[in-house]
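First comes the structure, then the notes that go with it.
The values are calculated or read from the model by the stated rules, or taken from the named source; none is laboratory data. What you see is a predicted model; the values in this text were computed from it and never measured. Counting neighbours? That spans all protein chains shown, and the Cβs are built from the backbone with ideal geometry, glycine included. To get the accessible areas, we keep the full protein, side chains included, count just its heavy atoms, and leave off ligands, DNA and RNA. Shrake-Rupley method; radii C 1.70, N 1.55, O 1.52, S 1.80 Å.
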Amino acid sequence: MYEICVTGRDSGGAFGRLMQDVQHDIKQEIKPDICVIGAGAGGLAAASAAAAFGVNVVLIEKGLMGGETLNSGSLPSKALLAAAEHINAVRDGGRFGVKSVRFGVDFAAVRAYVRDVIDAVKPQDSRERFNGLGVRVIEGEARFTDRATVAVNGYAVKARRFVIATGSSPAVPAIPGLAEVPHLTNETVFDLAACPRHLIVIGGGSVGLELAQAFRRLGAEVTVLEAATPLAGEDAECAEIVLDALAREGVTLRSGVNIARVRRVMARVQVDIASDAGEETIEGTHLLVAAGRAPNVEELDLDAAGIRYTPDGILVDRRLRTTNKYVYAIGDVTEGPKSTHLANHHAGLVVRNALFRTPVRTDQHAVPSVTYTDPELAQVGLAEDEARAHAGIIRVLRWPYRENDRALATGATNGHIKIVTDRKGAILGATIVGAGAAENITAWALAINQKLNIDAFAGVIVPYPTYAEVGKRAAMTYFTRSLTSPLVRRIIEWLRRFG
């Protein structure tokens, strides 16, 4: 230990500044078992799971605890969707015998409701809670200085294993003029003080369409601009049901358009587009960019750690290890699908492998995806086209909501289920578009994960009346063909004759 005393006038001059620089470079060394970078959904799950086994965990976060999921993503968007759904239910109450009444939308109250939901969950993700779990939380920006060290806020963290869970941010497309025009993303849209008069949405994916429907129900005029096809990654037949529902609610959907330029004119936003129909200008009051996600890797200095990455995310193997065997990456920062539930799943796999060396692997086909529009669209496994290319001969099983008693009772008859099996009945994929799709897709995710046959669903006892009956009825159609075969008919006739 060295003690330095500086006296005289120079203590505040050049020598003093030199000593400040020296002190800034001196870092306290920490040697935890696991260092998690990023306190979003995946990072928090990894840190808490590791701490539960009694290991020494350091968690680094430069922003808000809870990350995008809590503060500007999944949770606030679902709260906003819930508010919009209730408003729409009032408008649609006539068919249920609710007499028409005049009502209005208090947007400030809607915004307050969203904040209240965030505040209700925030203590679960707080620094205080994680300190109580035994996790040391360090605020600051982490960057690798070598293959085994991360520098953050005066500390040098040398962990046995690192977990990168820095998530993703809204991708901003290279549209001329966009940088000079104020625009919203999912990180800022929940801060709006008033409902937009006309919201222009760039991007027709899940996030763009969810927010488009929500703001339309809250009273805004909404136009969605998509360069390709809205919900392009989903089953086209099922996606069309969602797009039709949004169009009937008054959302203007423009697909196959090229955005030439964006500009601000007084208090308005103008977007110049070109399509097969020609060139035109769309004018609105607010612009929302929902054109995908970009992994948060820029500030990590991954090259110093020997970690390979692409514009789509960090490269990982089936165990979620990076090209540096001591470093894992999970969730949105990796290549592939991006969702909160996948990040949580990744966290569990990484902790098992890092602590117990248990062999683990990710199966992307068993990861469900959900678009939380009304009707909901949920999918897991292979879509019909993928299954046909993968298995050759397949069976496609369907059942409509309009023939489900629960849907008839609630008026939610728009949609159907679509199950894909191979010729022996092995379940390859499932898509549900309709009420309760997000909840009911879990059973089909389990089926794919456990490699179940369709007869497992045909034989299950389902409560009546529920939306889940749609799945059982679809499963039973697999056996309809065999009931009409001549051989089966002869067997039944033979058994009938002999009692």
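Computed values, structure above
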| read-out | value |
| --- | --- |
| Tally of residues being out of contact with any Lys or Arg (no Cβ under 6 Å at 6 or more places or on another chain) and either more than 20 Å from ASN353 (Cβ to Cβ) or buried (at least 16 other Cβ atoms within 10 Å of the Cβ) (or both) across segment 301-325 | 15 |
| Sole exception among (1) open to solvent by 30 Å² or more (accessible area, probe 1.4 Å); (2) aliphatic (A, V, I, L, M); (3) farther than 22 Å from CYS238 by Cα for VAL360, by number | (1) |
| ALA437 vs. criteria more than 12 Å from GLY381 (Cβ to Cβ), in contact (Cβ under 8 Å) with a residue 24 or more places away in the chain, within 19 Å of the chain's Cα centre (by Cα) and open to solvent by less than 10 Å² (accessible area, probe 1.4 Å) | yes |
| Yes/no for GLU335 being modelled with pLDDT under 95, closer than 26 Å to GLY208 by Cα, open to solvent by 30 Å² or more (accessible area, probe 1.4 Å) and charged (D, E, K, R) | yes |
| Any hit, segment 462-471, residues being open to solvent by less than 90 Å² (accessible area, probe 1.4 Å), at pLDDT 95 or above and among the charged types (D, E, K, R) | yes |
| One residue from VAL98, VAL105 being within 17 Å of LEU211 (Cα to Cα) and among the β-branched types (Val, Ile, Thr) | VAL105 |
| Test: residue in segment 40-59 that is of a type outside the set (Gly, Ala, Ser) and closer than 20 Å to GLU298 by Cβ | no |
| Hey, ALA148 closer than 17 Å to VAL370 by Cα and modelled with pLDDT of 95 or more or not | no |
| Filtered residues of segment 378-405 (kept if open to solvent by 90 Å² or more (accessible area, probe 1.4 Å), modelled with pLDDT of 95 or more and over 23 Å from GLY233 (Cβ atoms)) | ARG402, GLU403 |
| Check on ILE394, of a type outside the set (D, E, K, R), touching an Asp or Glu at 6+ places or on another chain (Cβ under 9 Å) and over 27 Å from LYS78 (Cα atoms) | yes |
| For ASN353: the one exception among (1) in contact with a Ser or Thr (Cβ under 9 Å, 6 or more places away or on another chain); (2) among the polar types (S, T, N, Q); (3) closer than 28 Å to CYS35 by Cα | (1) |
| Unmet criterion (only one of (1) in a helix (DSSP H, G or I); (2) closer than 30 Å to LEU178 by Cα; (3) free of Cβ contacts under 8 Å to residues at least 24 places away in the same chain) for HIS345 | (2) |
| Search result, residues across segment 264-289 that are assigned to a strand (DSSP E or B) and either among the hydroxyl-bearing types (Ser, Thr, Tyr) or farther than 20 Å from THR229 by Cα (or both) | ARG264, VAL265, ARG268, VAL269, GLN270, SER275, THR281, GLU283, GLY284, HIS286 |
| Selection within segment 160-179 - over 17 Å from PRO311 (Cβ atoms), open to solvent by 20 Å² or more (accessible area, probe 1.4 Å) and outside any loop (DSSP other than H, G, I, E, B) | ARG161, ALA179 |
| Count of residues meeting criterion [more than 29 Å from ALA45 (Cβ to Cβ), open to solvent by less than 90 Å² (accessible area, probe 1.4 Å), in a loop (DSSP other than H, G, I, E, B) and of a type in the set (A, V, I, L, M)] in segment 90-145 | 2 |
| Residues that are more than 26 Å from the chain's Cα centre (by Cα) and hydroxyl-bearing (Ser, Thr, Tyr), drawn from segment 77-121 | SER100 |
| Residue count, segment 209-247 (criterion: aliphatic (A, V, I, L, M) and within 30 Å of ALA193 (Cβ to Cβ)) | 13 |
| Residue list for segment 146-159, filter: open to solvent by less than 40 Å² (accessible area, probe 1.4 Å) and not β-branched (Val, Ile, Thr) | ALA151, GLY154, ALA156, ALA159 |
| Total residues in segment 363-377, condition of a type in the set (D, E, K, R) and surrounded by fewer than 19 Cβ atoms within 10 Å (Cβ to Cβ) | 1 |
| Total residues in segment 34-61, condition closer than 20 Å to LYS338 by Cβ, open to solvent by 10 Å² or more (accessible area, probe 1.4 Å) and in a loop (DSSP other than H, G, I, E, B) | 1 |
| Count of segment 371-395 residues which are outside any helix (DSSP H, G or I), over 21 Å from LEU243 (Cβ atoms) and more than 17 Å from the chain's Cα centre (by Cα) | 5 |
| Flag for VAL137 being out of contact with any His (no Cβ under 6 Å at 6 or more places or on another chain) and farther than 27 Å from LEU246 by Cα | yes |
